[in-house]
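Inspection log for the structure reproduced underneath, given as structure tokens.
The values are calculated or read from the model by the stated rules, or taken from the named source; none is laboratory data. Treat the numbers as computed from the prediction; the structure is a model and nothing was measured. A quick note on method: Cβ atoms are made from the backbone with ideal geometry, for glycine too, and the neighbour counts reach across all protein chains shown.
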Amino acid sequence: MHARSTERHRRTGRLLTRVGVTVATVAAPFAFAGSAHATPEPAQVGDLREQSAHDQAAADAVDALAMSSMFGTIAGELTPFFYSAPTVGCGTVAPVTMTMASAVTGPSPDLDSNEVSFQALSAYPGVVSASGLSVAWINTSTGLSGITPLDGTTDGGYPTLSKIVETGSGTVLAAIYGSVGYIDATCHVLPTVGMFYVPDEGPLPADQVATPA
């Protein structure tokens, strides 16, 4: 298990180096918050509510996730979350800034077809000293769900604010929330929601395809 975890940390580092966290704001932060729920709440949300019953931050993230009626299929290798997350407690002018988040789906040299790499990037300058971020996710195709810490690290032990998660194939709805620690500040990240399609299988990466005779 330790060897597998170490290998995932290494793959996460390579993946972040390859694609970066090039995400943009694609919707107003609370555009969906006041709208009525268009569809019945998925049964999996109840499982997440039980897991987050004693953690208010996690419960708020699950609420944000549950209010999104955008259940569908979004294809794409690198996909930003729906909006940048308002972040309080740190900032260069006022104690507020934004955190951007994205996800990468496989298959690729660094990801299997049933995996998602979640990552975040705080706008606060400085070297990250600790990650208190987590991702609450639901696979709406299979019913699998979980709350996973974004505790990936570089080979040198520095937090990457990322994690490769085995979600299984299907449509995955996710919310990232928590905190990011710096030497001189702690940024508290409000939930941001995204949706991603994880293929069951796909073409081999170009560098793994055999050259025909």
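For segment 138-168, which residues satisfy the criterion of being assigned to a loop (DSSP other than H, G, I, E, B) and buried (at least 20 other Cβ atoms within 10 Å of the Cβ)? If the condition is that a residue be assigned to a loop (DSSP other than H, G, I, E, B) and buried (at least 20 other Cβ atoms within 10 Å of the Cβ), then 150, 152, 160, 161, 167 are the ones that fit.
When 116, 88, 93, 127 are checked against the criterion of being of a type in the set (Val, Ile, Thr), surrounded by fewer than 18 Cβ atoms within 10 Å (Cβ to Cβ) and modelled with pLDDT of 90 or more, 88 stands alone in meeting it. When segment 109-132 is filtered for residues that are among the hydroxyl-bearing types (Ser, Thr, Tyr), in contact (Cβ under 8 Å) with a residue 60 or more places away in the chain, assigned to a strand (DSSP E or B) and closer than 20 Å to residue 190 by Cβ, only 122 remains. Which of the residues that make up segment 180-202 are more than 18 Å from the chain's Cα centre (by Cα), closer than 19 Å to residue 108 by Cβ and not acidic (Asp, Glu)? Selection gives 202 alone.
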